[in-house]
Amino acid sequence: MDEHAWQAKSVEILAGIKVWRQAHPTATFVEIEEEVHTRLMELEAHVLQDAASASKSRAWGQSRDTPAPLRPTYSVPLQAQSKQERTLHGNGGQSVTLS
């Protein structure tokens, strides 16, 4: 996980919030809250993507030594079938790409 990238993304998002606020000086509390929430979801997606990519469980299909995780619904081991990228959506609707 790249902490420097997280810090850079945080600075970028906070600067964007400041610029937005200057452009919307009469925004209500609810409007400000919505804008802050939307922008912080970008940071959340970035952190989720990095954290998931750094997970040891990513390697479960690459060797016989690492057991496959169980499917949450049926408790049956997953089977590795492909290495394609997947794009998921976080709670805030931001895209998270896993490879």
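Looking only at residues in the stretch 20-42 that are loosely packed, with under 10 Cβ neighbours inside 10 Å and β-branched (Val, Ile, Thr), which one is nearest to SER95 (Cα to Cα)? Give the steps one after another, and end with the answer.
Filtering the stretch 20-42 for residues loosely packed, with under 10 Cβ neighbours inside 10 Å gives 22-23, 25-26, 28-30.
Filter again for β-branched (Val, Ile, Thr), leaving 26, 28, 30.
Numbers: THR26: 31, THR28: 28, VAL30: 24 Å.
Residue satisfying both the conditions and the ranking: VAL30.
For ALA15, are the conditions met, namely being at pLDDT 85 or above, over 17 Å from the mean Cα position of the chain (by Cα), surrounded by 10 or more Cβ atoms within 10 Å (Cβ to Cβ) and not in a helix (DSSP H, G or I)? Steps first, please.
Values: at pLDDT 85 or above: yes; over 17 Å from the mean Cα position of the chain (by Cα): yes; surrounded by 10 or more Cβ atoms within 10 Å (Cβ to Cβ): yes; not in a helix (DSSP H, G or I): no.
Criteria not met by ALA15.
Can you say whether ALA45 is touching a residue at least 40 places away in the same chain (Cβ under 8 Å), loosely packed, with under 15 Cβ neighbours inside 10 Å and under 19 Å from THR97 (Cα atoms), as far as the supplied structure shows? Talk me through it step by step, then tell me what you get.
Details: touching a residue at least 40 places away in the same chain (Cβ under 8 Å): yes; loosely packed, with under 15 Cβ neighbours inside 10 Å: no; under 19 Å from THR97 (Cα atoms): yes.
Spelling it out, it is not the case that ALA45 is touching a residue at least 40 places away in the same chain (Cβ under 8 Å), loosely packed, with under 15 Cβ neighbours inside 10 Å and under 19 Å from THR97 (Cα atoms).
May I ask you to list the residues in the stretch 32-56 that are of a type in the set (Asp, Glu) and either in contact with a strand residue (DSSP E or B) (Cβ under 8 Å, 6 or more places away or on another chain) or modelled with pLDDT under 90 (or both)? Steps first, answer last, please.
Taking the stretch 32-56 as the starting set, the residues that turn out to be of a type in the set (Asp, Glu) are 33-35, 42, 44, 50.
Result: GLU42, GLU44, ASP50.
Do we have any residue at all in the stretch 57-79 that's surrounded by 13 or more Cβ atoms within 10 Å (Cβ to Cβ), assigned to a helix (DSSP H, G or I), modelled with pLDDT of 75 or more and out of contact with any Leu (no Cβ under 8 Å at 6 or more places or on another chain)?
No, the stretch 57-79 contains no residue that is surrounded by 13 or more Cβ atoms within 10 Å (Cβ to Cβ), assigned to a helix (DSSP H, G or I), modelled with pLDDT of 75 or more and out of contact with any Leu (no Cβ under 8 Å at 6 or more places or on another chain).
The values are calculated or read from the model by the stated rules, or taken from the named source; none is laboratory data. All values reported here derive from a predicted model rather than from experimental measurement. Cβ sites come from the backbone with ideal geometry, for glycine too, and all protein chains shown count toward neighbours.
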